[in-house]
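What follows is calculated from the coordinates using simple rules that are stated; it is not laboratory data. Because the structure is a prediction, the values reported are computed rather than measured. Cβ sites come from the backbone with ideal geometry, for glycine too, and all protein chains shown count toward neighbours.
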Amino acid sequence: MRKTREQSRLETREQLIASAHAAIRRDGIGGLSLRRLCEEAGYSQGAFYSNFAGRDDLLLVLMERYVLAEVETLRRLVQMTQSEVLDDVLATIAARLADLAKQTEWSLLAIELQLHAQRDARFADAYNAAKTSYHAEFAALVDEILRRHKLVSAIPPLQIAIGLYALWSGLAVQGTVPGAGPRDEIFLGFLRAIIGGPPSTTDGK
């Protein structure tokens, strides 16, 4: 059965995304060349611009896919944690976030996109919309943990999500300075400080 034009376009888009992902892991963000990317994927630059508005658009797609996939990974890890002890759940999340913080190509990409958004109002609109989706997904996970353990957090789940995202990207820069503690301990300390409080009393007892 022959592919439709839309199916072919989507296949091209996925292959370009996969090639860009591989290129960033290999060469870093600064080494991402659209011409080389298209050559390695086996497509013309015209095919690229049929799928993406430009480099920024491609990077936003990559970042969004990465973050949302990792939130889903965290959700699965939390669900697989058999312990009912809150600290065990928080330690699982902290360990995973610490591993992610070591993958500096992604946290540096987040920083690069944020700096670009500071300079370009049009791009800022697109980037802020993407970040809103990241934060919402992570906030849902935090809310799930709070309800599971009948806790009231010090700040709302959305603010916790924003703080964790900032901490994750910031550790790419600050995580290696002299005196910095292990990343998993930093994440765990943040989570312990924020996700806590008395048991929920919404049942009136």
message = Could you check region 1-37 and list, in sequence order, the residues that are aliphatic (A, V, I, L, M) and out of contact with any Phe, Trp or Tyr (no Cβ under 8 Å at 6 or more places or on another chain)?
response = Met1, Leu10, Ile17, Ala18, Ala20, Ala22, Ala23, Ile24, Ile29, Leu32
task = Go through region 72-89 residue by residue and tally those that are among the hydrophobic types (A, V, I, L, M, F, W, C) and within 18 Å of the chain's Cα centre (by Cα).
result = 3
key: Candidate set from region 145-173 (those that are in a helix (DSSP H, G or I) and over 18 Å from the mean Cα position of the chain (by Cα)); member that is nearest to Val78 (Cα to Cα)   = Ile145
message = For region 93-113, which positions are within 13 Å of the chain's Cα centre (by Cα) and either free of Cβ contacts under 8 Å to residues at least 60 places away in the same chain or under 16 Å from Leu59 (Cα atoms) (or both)?
response = Arg96, Asp99, Gln103, Thr104, Glu105, Trp106, Ser107, Leu108, Leu109, Ala110, Ile111, Leu113
query = Which residue pairs have Cβ atoms under 8 Å apart, sit 6 or more places apart or on different chains, and have a first residue in region 123-145 that is free of Cβ contacts under 8 Å to residues at least 12 places away in the same chain and a second that is assigned to a helix (DSSP H, G or I)?
reply = Ala124/Ala117; Ala124/Gln118; Asn128/Ala117
key: Subset of region 23-52 (residues that are in contact (Cβ under 8 Å) with a residue 12 or more places away in the chain and part of a helix (DSSP H, G or I))   = Ala23, Ile24, Arg25, Leu34, Arg36, Leu37, Cys38, Glu40, Ala41, Ala47, Phe48
